[in-house]
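Read through the structure below, which is laid out as structure tokens, and then see the notes.
The values are calculated or read from the model by the stated rules, or taken from the named source; none is laboratory data. Only a predicted model underlies this, so the values are computations on that prediction, with no experimental measurement involved. Heads up, the Cβs are rebuilt from the backbone with ideal geometry, glycines too, and the neighbour counts pull from every protein chain shown.
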Amino acid sequence: MPHVIQRLLAQPGSYVAGRWRSCDSTQPLLNPATGAELAQVPTSAAHWLEEALVAAVAAQRLWRCEPPAMRADRLRRLAAALREHSQALAELVTQEQGKPCVESLAEVHYSADYFEWFAGEAERLYGRQVPAPTAEQAFLVLRQPLGVVACITPWNFPMAMLARKMAAALAAGNAVIAKPAYETPLSAMALMRLAEKVDFPPGLVNLVVGQDAQAIGARLCADSRIAKVSFTGSTATGRCLLAQSAQTLQRTAMELGGNAPFVVFADADLDKAVAGFYAAKFRNAGQACISANRLLLHRAIATEFLARLRALMQQRRLGNGLDPTVTQGPLINRRACERIASLVSAAQAAGAQVESFGHWATDTGFRQENFYRPQWVLGVRPEMRIFQEEIFGPVVSVCEFEHDDQAIALANQTPFGLAAYVYTESASRLWRLPGQLQVGMLGLNEHRLSHANAPFGGVKASGFGREGGAEGLDDYLAPQYLAWGF
Ligand code: NAP
């Protein structure tokens, strides 16, 4: 394991003003697959917030004046460091979060992609000249950085969710104070170690680690030195942060929960559709915001689709994600398993049929209470909780439809609007559906939605703001209009 990661596990803590800080009180961080202690993590970060704010404000004043090429260079060096240590970082992600190592490796490279993409965007950070009404005037639109950005991130992609925010914020000339999920702080600490190693100036990126999320969030939202709160997490927490930031009128970005429909029409290419669904559903054991949450099948192909899906689900192999034969790790904790079990049993009590699949890898050193076997739930109806709520686990909920209008109505029939997937060979359907489905992202015969160069984000209760793409940089800039008279 490389030196940076060894050092991190030896002294995990907050990273503030370019220094690593511990606190008197710590808690063990456990591997969700095995229960092994990974590190002792500080319980509180409140103590460091003022220092982080002062340092970030000072660092941002200098960073914003650096030539974009220099900002880009630092971002590229961070991307290169991530790639250089990718295997060790992937093992770290797997140990704290649970996903199979091959998925963690993809997460590390995906994180590096964002730093590389936004390095390029920093170099293309153009303004605009607007035609003026007279020859004695010039109108210009500049794009200015916002200042200090607070980034609050979830546990399901503990490195990627922070990388997406940090890359765009820094490219645009901002400073960052990050708060990772308390269940998975080590990946964020590793990112900070690498930022330190590639010479990001002290105070430009800060990390506060503690279990006092509510206090940290309230403090960040109440401080007018924070120009923007960028949040990824549940819709409930997003609402709470929005209410708090109303006082300071900070800019906010809300990357919230999803409940993606996966719609398969009768004319779909079933090989493609089954493979696409399986990948979109089971990545990270279903703990992804764009996970295919509701499988909507045309009645004519439902039996055939489910027969093919059954064959894949039977092969799922549960265990420690460090074992290369494992395809499904644990869920993040026991509470997550209990919540999913309650959604499934409520559906069953209302008449749905449930079946379980998958099997254990041979190793027996697991915390079995953190694992959830893949299941499908047939005969789901829109009024059921399992249809309306985000499942966030390896459970397939299935509805059937007969007509296009029915499929569209079912797809839109929840408060969420993050992603949807549609499989059909009809060009006219593919052309019509984007206007009819209320989502921020739509896969058309395609399940791979998330890329550094494309805008990721939702509508309705899935929030607002975009990460990635040209739109992702805009979210960290404020237009400034200059009216120039000669
Ligand atoms: P969560 O409970 O909302 O937590 C997310 C982050 O917010 C964590 O860092 C958490 O800290 C912090 N937090 C919790 N309560 C807070 C409060 N009152 N004030 C300030 N911060 C607070 O969400 P989660 O369960 O970790 O993540 C799963 C959710 O994220 C799902 O709904 C998923 O769909 C969504 N998600 C969305 C996207 C997207 O791009 N749209 C991407 C990934 C995930 P602690 O961990 O310390 O409590």
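In region 132-161, the residues that are among the aromatic types (Phe, Trp, Tyr) reach residues that are away from the ligand (no atom under 16 Å from the Cβ) and part of a loop (DSSP other than H, G, I, E, B) with C-beta atoms within less than 6 angstrom, at least six apart or across chains, in these pairs: Phe139/Ala132. Restricting region 34-80 to residues that are in a strand (DSSP E or B) and among the aliphatic types (A, V, I, L, M) leaves a set whose member that is nearest to Asn206 (Cα to Cα) is Val41.
Quick one: in region 167-184, of everything that is farther than 18 Å from Gly217 by Cβ and outside any strand (DSSP E or B), which residue is farthest from the ligand (Cβ to nearest atom)? Across region 167-184, the extreme among qualifying residues is Gly173.
Given the options Leu449, Leu442, name the one that is of a type in the set (A, V, I, L, M, F, W, C), within 16 Å of the ligand (Cβ to nearest atom) and in contact (Cβ under 8 Å) with a residue 40 or more places away in the chain. Talk me through it step by step, then tell me what you get.
On the way: Leu442 fails: in contact (Cβ under 8 Å) with a residue 40 or more places away in the chain.
Exactly one residue qualifies, and that residue is Leu449.
Each residue in region 452-486 was checked for being charged (D, E, K, R), more than 11 Å from the ligand (Cβ to nearest atom) and part of a strand (DSSP E or B), and 1 of them qualify. From the list Arg308, Arg317, which one is farther than 21 Å from Pro434 by Cα, in contact with a helix residue (DSSP H, G or I) (Cβ under 8 Å, 6 or more places away or on another chain), at pLDDT 95 or above and among the charged types (D, E, K, R)? Exactly one of Arg308, Arg317 is farther than 21 Å from Pro434 by Cα, in contact with a helix residue (DSSP H, G or I) (Cβ under 8 Å, 6 or more places away or on another chain), at pLDDT 95 or above and among the charged types (D, E, K, R), namely Arg308. Against the list (1) in contact (Cβ under 8 Å) with a residue 40 or more places away in the chain; (2) closer than 23 Å to Trp155 by Cβ, the condition Arg74 fails is (2).
Would you confirm whether any residue within region 439-462 is within 30 Å of Pro145 (Cα to Cα) and charged (D, E, K, R)? The answer is yes; a qualifying residue exists.
What number of residues within region 123-164 satisfy the criterion of being part of a strand (DSSP E or B) and out of contact with any strand residue (DSSP E or B) (no Cβ under 9 Å at 6 or more places or on another chain)? Step through it out loud before you land on a result.
Taking region 123-164 and keeping what is part of a strand (DSSP E or B), we get 128-130, 137-145, 148-152.
Filter once more, keeping what is out of contact with any strand residue (DSSP E or B) (no Cβ under 9 Å at 6 or more places or on another chain): none.
Number satisfying all stated conditions: 0.
Taking the criterion of being touching a Gly at 6+ places or on another chain (Cβ under 7 Å), assigned to a helix (DSSP H, G or I) and buried (at least 24 other Cβ atoms within 10 Å of the Cβ), the only residue of region 81-103 that qualifies is Thr94. If I filter region 370-390 for residues that are within 16 Å of the ligand (Cβ to nearest atom), of a type outside the set (Phe, Trp, Tyr) and under 23 Å from Arg448 (Cα atoms), do I get at least one hit? For region 370-390, residues within 16 Å of the ligand (Cβ to nearest atom), of a type outside the set (Phe, Trp, Tyr) and under 23 Å from Arg448 (Cα atoms): present.
Every test in (1) under 13 Å from the mean Cα position of the chain (by Cα); (2) near the ligand (Cβ under 9 Å from one of its atoms); (3) under 18 Å from Ala45 (Cβ atoms) is passed by Ala160 save one, and that test is (3).
From Asp223, Asp212, Asp267, Asp199, grab the single residue that is surrounded by fewer than 24 Cβ atoms within 10 Å (Cβ to Cβ), at positive phi and in contact (Cβ under 8 Å) with a residue 60 or more places away in the chain. Being surrounded by fewer than 24 Cβ atoms within 10 Å (Cβ to Cβ), at positive phi and in contact (Cβ under 8 Å) with a residue 60 or more places away in the chain holds for just one of Asp223, Asp212, Asp267, Asp199, which is Asp199.
Within region 300-332, which residues are assigned to a loop (DSSP other than H, G, I, E, B), β-branched (Val, Ile, Thr) and loosely packed, with under 15 Cβ neighbours inside 10 Å?
Going residue by residue through region 300-332, those that are assigned to a loop (DSSP other than H, G, I, E, B) are 300-301, 315-316, 319-327, 329-332.
In the following step, the residues that additionally are β-branched (Val, Ile, Thr) were identified as 301, 325-327, 332.
Once the filter is applied, which keeps residues that are assigned to a loop (DSSP other than H, G, I, E, B), β-branched (Val, Ile, Thr) and loosely packed, with under 15 Cβ neighbours inside 10 Å, region 300-332 yields only Thr325.
Please list, ordered by residue number, the helices (runs of 4 or more DSSP H) wholly in region 333-436 having 2 or more residues that are surrounded by fewer than 16 Cβ atoms within 10 Å (Cβ to Cβ) and of a type in the set (A, V, I, L, M, F, W, C). Before you say what the answer is, go through the steps one by one.
Details: elements: 334-349, 385-388, 404-412, 427-436.
Those helices (runs of 4 or more DSSP H) span 334-349, 427-436.
Beta carbons closer than 8 Å, at least 6 apart along the sequence or on distinct chains, pair a first residue in region 377-403 that is basic (Lys, Arg) with a second that is in a helix (DSSP H, G or I) for Arg381/Phe387; Arg385/Leu343; Arg385/Ala346; Arg385/Ala347.
Quickly run through region 84-121 and pick out the residues that are of a type in the set (A, V, I, L, M, F, W, C), farther than 18 Å from Asn156 by Cα and touching a residue at least 60 places away in the same chain (Cβ under 8 Å). Please lay out each step first, then the result.
Of the residues in region 84-121, the ones of a type in the set (A, V, I, L, M, F, W, C) are 88-90, 92-93, 101-102, 105-106, 108, 112, 115, 117-119.
Retained after the next criterion (residues that are farther than 18 Å from Asn156 by Cα): 88, 115, 117-119.
Once the filter is applied, which keeps residues that are of a type in the set (A, V, I, L, M, F, W, C), farther than 18 Å from Asn156 by Cα and touching a residue at least 60 places away in the same chain (Cβ under 8 Å), region 84-121 yields Ala88, Trp117, Phe118.
When Asp113 is tested against (1) buried (at least 20 other Cβ atoms within 10 Å of the Cβ); (2) over 19 Å from Lys165 (Cβ atoms); (3) within 19 Å of the chain's Cα centre (by Cα); (4) not small (Gly, Ala, Ser), only condition (2) is not met.
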